[in-house]
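**Student:** First the structure, which I've put down as structure tokens, then a few questions once you've had a look.
A short reminder: the numbers here are calculations on the coordinates, not readings from a lab. Since the structure is predicted, the reported quantities are computational estimates derived from the model, not experimental observations. So basically every Cβ, Gly included, is an ideal-geometry build from the backbone, and we count neighbours across all protein chains shown.
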Amino acid sequence: MNGDVPLHGWSEGHARLAGALAERIAAHLRSIPLGRTPTVDDVAGLAAITVDGLGVDAALALVDEELLPNNVGLDHPRFLAYIPAAPATTAALFDAVVGAWSFSGESWQEAGGAVAAEEAALSWLLTLTGMPAGSGGCFVSGGSIANVAGLAVARDAWRQRHGSAAPMAVATAPSAHSSLHMAARLLDLRVVEVPGDDRGRLTGAALREVLDDDDTIGAVAATAGATNTGVVDDLAGVADACAEHDLWLHVDAAYGGGALVLPELAHLFTGIDGAASIVIDPHKWLFSPLDCAAILYRDRERAAGTHRQAAAYLDAFGREHVNPSDLAPHLTRRARGLPFWFALVVHGTATVERAVRSSIEHARRAADLVTDAGPPLRLVMDPELSVVLFERDGWSRADWDRWSAQALADGVAFVTPTRWQGRDVGRLVFVHPDTDIAAVAELIDRAAAG
């Protein structure tokens, strides 16, 4: 292939490059590799930026030989660590359109079509949460920045009532995501850890005890699907306590929010409609490509009061329509909600519901496999969503790490251990509807055999 393609425009060389990239995308989607974690030497050749460039052929060779093989496939059905992603093929393909079009998704003026489509997807999420008319939100890169955005509005609401110098604390359970602690540090908020129950949940009863002794708490950060355990806080009790004390309720449902599509799990989320801000990441359990998270606000105008930026050149945006730049700490932004919107339009919400339900079923089946295996394996707790924790007699972190590394080296799965109440345990997370339960059984058998 001729590497001498111009920087802009379209040429025969660009056409050939487009075809070559399309072939690679198709090959990947036909058979997603589990991948591997590389050494530094494995990827040393990627430091290949030169004055004159290598040309397309040499660049593609680097892509094939060093870039693509040296990653673990987050979208692989047997990626069972952290919180995986399982982007719909339709969404992944449409992501290429988003990149090629370079929508300036900060304002309606610049990208009204893109903003309207994102608003349609956000409206569906708002319906799932039960938030009222006047609610709204926008898409950001992930749950971390979404938590910052939500708590920033909570801080402003506190200061409007108590003065700009009044210190504010945010109450949360020890199981809260690490990004909530980061957000508190960035916003100069003190974190008050409320003791969790036996499953690590934040409960209304425990929260009330803390609130009675601390009048600087201005917000409560509850979790709907803890990353480590999948457990959902006592949202109903927490929402009632927040209402009684007139506090901002922020719900981090970055992972667990996908389960809002399941009527049979609605009881777990009772109370979420009382939240002032909610985070849901479609790139976690609603089959969007990375990076796509939603920050949702009960009062969109209040959020805009915190996040809207002022400059003479920004006046042209106007305020007749929704401007996503008003609702989070960003201006220029990728219209990252469009692949999510496209998949919803293509497949419908019933397909999403069935796919999420399959993950719940995978988790319950995995839990049954652990229980059936018996000693030396034990289930730590029954899975509430799609995270399964189990332990093995006599194993240390080093043993779990060897189990994890061998599974990846053998191409069985990508898994990582964790800690629960001071103990090293195994952890499996299911979000891909096509996960092979036979591979899960092999992982459990390997742990049992030692």
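**Student:** Taking H as built 1.01 Å from N, whose amide H comes closer than 5 Å to the amide H of Trp420, not counting residues under 5 places away?
**Tutor:** Long-range HN contacts for Trp420: Val425.
**Student:** Sum -39500 (n - 2.57) across every DSSP H segment of at least 4 residues in the chain, then divide by the residue count to get the 222 nm mean residue ellipticity, nearest 500.
**Tutor:** So the calculated ellipticity at 222 nm is -13000 deg cm²/dmol.
**Student:** How far, in nm, would the chain grow between His245 and Leu29 when pulled straight, counting 0.36 nm per residue and subtracting the alpha carbon separation?
**Tutor:** 72.7 nm
**Student:** Consider just the alpha-carbon atoms of the chain and return their Rg together with their Dmax, both in angstrom.
**Tutor:** Cα-based Rg and Dmax for the chain come out at 23.3, 72 Å.
**Student:** Round to the nearest 0.05 the FRET efficiency obtained for Ala405 and Ala59 when R0 = 35 Å and r is the Cβ-Cβ distance.
**Tutor:** Efficiency computed from Cβ-Cβ geometry: 0.65.
**Student:** Considering only DSSP beta bridges where both residues belong to the chain, give the percentage that are antiparallel (nearest 5).
**Tutor:** Rounded to the nearest five, the antiparallel share is 55 percent.
**Student:** Modelling each spin label as a point 7 Å along the Cα-to-Cβ direction, I'd like the Leu331/Arg397 distance in nm, to one decimal.
**Tutor:** 4.4
**Student:** In addition: Students often get this wrong: which residues of region 215-232 have the backbone nitrogen under 20 Å from the point 7 angstrom along Cα-to-C-beta of Leu186?
**Tutor:** Taking a point 7 Å out along Cα→Cβ of Leu186, the residues of region 215-232 whose backbone N falls under 20 Å are 218-224, 227.
**Student:** Divide, for region 1-71, the radius of gyration over alpha carbons by 2.2 N^0.38 Å, where N is the residue count.
**Tutor:** Relative to the rule-of-thumb radius for its length, region 1-71 sits at 1.24.
**Student:** On a full-extension model of 0.36 nm per residue, what is the gain between Ala100 and Glu442, subtracting their alpha-carbon distance, rounded to one decimal in nm?
**Tutor:** So the extension gain works out to 118.9 nm.
**Student:** Please list the non-local residues whose amide H lies under 5 Å from the amide H of Gly35, H modeled 1.01 Å from N, same-chain partners needing a gap of 5 or more.
**Tutor:** It is Gly73, by chain and number.
**Student:** Between Arg357 and Glu264, what is 0.36 nm times their sequence separation minus the Cα-Cα distance? Round to one decimal in nm.
**Tutor:** 32.5 nm is the gain from fully extending Arg357 to Glu264.
**Student:** Shifting gears a bit: Tell me which residues come under 5 Å, amide H to amide H, from Asn228 once H is placed; ignore anything under 5 positions away on its chain.
**Tutor:** Hits under the 5 Å cutoff: none.
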